[in-house]
Amino acid sequence: MSEKAKVGLALEGGAMRGLFSAGILDVLLEAGVGFDAIVGVSAGAAFGCNFKSGQAGRALRYNTRYCRDKRYCSLWSLVTTGDLYGADFCYRALPQELDPFDWKSYRANPTKFYAVCTNVRTGKPAYFLCDGEKERVLEIYRASASMPLVSRMVAIDGEKYLDGGMSDSIPLDFLEKGGYEKNVVILTQPRDYVKGKNGALPLVRAVYRKYPALVQAMAQRHKVYNAQTKKVFQREKEGKAFVFAPAATLPVSRTEKDPEKLKAAYDEGRKTALARLSELQTFLTKE
């Protein structure tokens, strides 16, 4: 490569497992590591955006502070609003009032930030560049993190979307097709994890019967995911990707409400990043 290789970062989702990624990202932010582009899926987008805004510690702070707040994530929220994770609380009150998101720094950072959403009509992934008005950007983040069965669909540009992980859980292909030659991938499952078939498929088929392409995407998700992890590790062997993953299954549920467990997942991310920071810096600077 005669010119400097473009560097990308792919962030897997996983709801509260995303605190592991947040721990890694905070270490990288503190170390001055940068990327030309970041693509986040679900929690990878909702938490990862704090890297672009330069707000180390924010994802951990608001998650541990509000994880037990019924407005944030609860059956009460699901019943009263249609979203397990309350849309108004998570995408208005939190970023605008309770723990303000730094839009000025976010926009000043030249790193491109993309979020993956799943088009419910086509069952295909959509990759949104999150650089417009803040209301639109927040809706994109919300769509990317809107888990099926417990979230309302989010309308963007005349189409409806749900969680990006349903169609592209680990968007390394997106980065490679965009010309990013060196890529860092942060996984939220251990390296030996193999995804099984979705046990909720009968319910999925009933709830989304009007969206057959979406149902098909969810039925095939485990196969797509396992093929993606295989490719990620192949790229790692080829020296084209650097992969972070937890050493063991993280001690958090998808909707974890124990602040200490959330902090433990975050601390595991920090530990993982610190242990491999010099190795990462070598990967990023090597011609």
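The values are calculated or read from the model by the stated rules, or taken from the named source; none is laboratory data. Keep in mind that what you see is a predicted model, and the values were worked out from it rather than measured. Cβ sites come from the backbone with ideal geometry, for glycine too, and all protein chains shown count toward neighbours. Protein only, heavy atoms only, side chains kept; ligands, DNA and RNA dropped before computing areas. Shrake-Rupley method; radii C 1.70, N 1.55, O 1.52, S 1.80 Å.
Using θ = phi - 60° in the Karplus curve 6.51 cos²θ - 1.76 cosθ + 1.60, the 3J(HN,Hα) couplings for the range 107-123 round to 6, 6, 6, x, 4, 6, 10, 10, 10, 9, 10, 9, 6, 6, 6, 9, x Hz; x is entered for Gly and Pro. Remark: the residue 97-residue 157 segment gains 18.9 nm on full extension, using 0.36 nm per residue and subtracting the alpha carbon distance. Computing the accessible area with a 1.4 Å probe over protein heavy atoms, can you report the carbon and sulfur percentage for the range 220-287? Ligands and nucleic acids excluded, carbon and sulfur give 53 percent.
Rg of the Cα atoms in the range 238-287, relative to 2.2 N^0.38 Å, amounts to 1.44. Summarised as an ellipsoid, the range 145-287 has semi-axes of 30, 20, 14 Å, derived from the eigenvalues of the Cα gyration tensor scaled by 5 and square-rooted, with the largest first. In order along the range 25-41, the Karplus-derived 3J(HN,Hα) couplings, from 6.51 cos²θ - 1.76 cosθ + 1.60 at θ = phi - 60°, round to 4, 5, 5, 5, 5, 5, 8, x, 6, x, 9, 7, 8, 10, 10, x, 10 Hz, and Gly and Pro are given as x.
Three principal axis extents of the range 48-192 based on alpha-carbon atoms, in descending order, are 44, 38, 35 Å. When Rg and the Kirkwood Rh are both derived from Cα coordinates, the Rg/Rh ratio for the chain amounts to 0.94. The residue 79 and residue 231 beta-carbon pair, evaluated with R₀ = 35 Å, returns a calculated FRET efficiency of approximately 0.30. Coupling constants for the range 85-99 follow from the phi torsions by the Karplus curve (6.51 cos²θ - 1.76 cosθ + 1.60, θ = phi - 60°), and in residue order they are 9, x, 5, 5, 5, 6, 10, 10, 4, 5, x, 9, 10, 7, 8 Hz; glycine and proline get x. The amide H of residue 9, built 1.01 Å from its N in the peptide plane, has 37, 38, 39, 184 as neighbours under 5 Å, considering only residues 5 or more places off or on other chains.
Semi-axes of the equivalent ellipsoid of the range 1-119: what are they in whole Å, largest first, if each equals the square root of 5 times a C-alpha gyration tensor eigenvalue?
28, 15, 13
Between residue 275 and residue 248, what length in nm is gained on full extension when 0.36 nm per residue of separation is reduced by their alpha carbon distance?
Going from the current span to full extension adds 8.2 nm.
In summary, the lysines within cross-link reach of residue 231, defined as a Cα separation below 26 angstrom excluding same-chain residues under 8 places away, comprise 4, 6, 112, 124, 177, 182, 195, 197, 223, 240, 271, 286. Its residues counted as N, the range 80-150 yields a C-alpha radius of gyration over 2.2 N^0.38 Å of 1.19. The charge dipole of the chain, taken about the Cα centre with unit charges on the Cβ atoms of Lys, Arg (+1) and Asp, Glu (-1), comes to about 740 debye, rounded to the nearest 20.
Plainly put, the range 111-217 has a radius of gyration that is 0.98 times its Kirkwood radius, both from alpha-carbon atoms, as the Rg/Rh ratio.
Within the accessible surface of the range 54-185, defined with a 1.4 Å probe on protein heavy atoms only, the carbon and sulfur portion equals 52 percent.
Extending 7 Å from Cα along the Cβ direction at residue 173 and again at residue 200 yields two label points whose distance is 2.4 nm. So what does log10 I(q)/I(0) come out to for the range 201-259 at q = 0.17, 0.18, 0.28 Å⁻¹, using the Debye formula with one equal point on every Cα and no solvent? Log-scaled intensity ratios, in q order: -0.85, -0.88, -1.03. Of all the options 203, 25, 250, the one that moves most in a Gaussian network model of the chain with Cα springs shorter than 10 angstrom is 203. A simple spin-label model places the labels of residue 286 and residue 267 3.2 nm from each other, with each point 7 Å out along Cα-to-Cβ.
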